[in-house]
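The values are calculated or read from the model by the stated rules, or taken from the named source; none is laboratory data. Please read these numbers as outputs of a predicted model, since none were measured by experiment. Here the Cβ positions follow ideal geometry from the backbone for every residue, glycine too, while neighbour counts run over all protein chains shown.
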C-alpha cells in the first residue's frame, strides 16, 4: 500500500492531467467563440497544449499548485518549463519567430520576480531585460550540484553557448500568467458557456457529453504517432450536432448506449421475452428485442437522472404508445372472434408485433428519431403487461408468473 506522501503525489499527478484535459477543452471553446475555424489544439504534442491559429503557434505549459504557492526565481516549475522550451529552441523543433510560449500557473507571482517581469505583452510590469538578469542571477547563485534543476540550468546555458545566442530571444517569446483559474474554475467557466448554449437545466448533461467526446478524441490523438489535433472545423461540427440534440424538440442519444450489445441469455426470464415466446418469435429477433429494450431503458434512465425530461413527459409518451397499440389489438381480437385456433391467434399476433418492429416510430419529441426509443419502450410496456401481442397474453402470462403456492 502506498504511503501518505506517495498517495498525495499520485493524486496531484492525476489532477494535473485532468486539469490539462479540461484546459485544452476550454481552449477549444474559446477558439471556437473567438477565432473562426482556422485553428487546431493538440494535447501532449510539442507541449502540454499546442494551439495553432493561422500561422501562429502557442505552446502552453500548465502548473496547478496548492493555494499560497509562489513561483520564485528558483522554482522547479519555472526552470523545468524553461528547460523544455530551451531544448526545443536549440534543436530547432520550434520557430521562435512564430511561437508564443505561455506558462499558466495557479501559483502567485512575487512582485519583482522573473515570472512577474514576464507577464503578458500588454502588462505594465513586463520587463524582459530584468527577467533575463534575474534568471541568470538565480542560476549563478544556485548551490545545486546534481538533479533535475541542474539539468535545467545546463539547458538554459546552452542557449548562449555558440555564436547565435538564444536566451534573450527565448525570453522575448515567454509569457507567464500567475494565479490562473484551476480545474474547478475552468469547469465552472465551461458550465456557464454550456448554460448559455442549451439552458441551465441541461448544461451539466451537455458539458458531460462534450467532455466525454473530447477526452476520447484526445486519447485517440495521443495514442497515434503524429496523431491529428482537434481542428476548428471538427469542433464546430461536434458542438453544432450536440446543440441540435439539446434543442427543445429533441433529446440526446448517447453513443455508448447505441453501441450496447447485451447478452440475450441474461434477459431470458424477462416478461417481454416471454411475450415474444408466446407467439413463436425466433431467437435472432428476440435478441434484437432485448437490445432495443436495454438501450431504451438505459437512455430513458439517463434522461431522467439528468433532469432532461419534462414533468409527465414519459407518462404522456407511454399513453400514446398504449393507445396506438390498443386500437390495433382490439381490431385483431375482433377479426379473430371467439372460435379462433391457436395457430390463427399466433399468426395475427405476429402481425401486431411486426407493426411495432417495422412501423411504430412514435417520437418522444419531434427531433428525437432514434428507432430503439419507440421499439424499446414498447418492450418496456410489454414487460409490465400494459401491452402484448398474443390475444390471451395477459391471462397466460399472469398464470405463468403467479407463484406456485398461490395457484
* Please work out if residue 214 is closer than 24 Å to residue 186 by Cα and outside any loop (DSSP other than H, G, I, E, B). => yes
* Asked: Within the range 64-86, can one find any residue that is within 24 Å of the chain's Cα centre (by Cα), in the same structural domain as residue 232 (by TED's automatic domain parsing) and in contact (Cβ under 8 Å) with a residue 12 or more places away in the chain?
  -> yes
* Would you pick out the residues in the range 354-397 that are in contact with a helix residue (DSSP H, G or I) (Cβ under 9 Å, 6 or more places away or on another chain), in a loop (DSSP other than H, G, I, E, B) and closer than 28 Å to residue 342 by Cα? -> 360, 384, 385, 386, 387, 388, 389, 390, 391, 392
* **Selection status of residue 91, within 17 Å of residue 171 (Cβ to Cβ), at pLDDT below 95 and surrounded by fewer than 22 Cβ atoms within 10 Å (Cβ to Cβ)** => no
* Asked: assigned by TED's automatic domain parsing to the domain that holds residue 388, over 29 Å from residue 313 (Cα atoms) and part of a helix (DSSP H, G or I) - does that describe any residue in the range 243-263?
  -> no
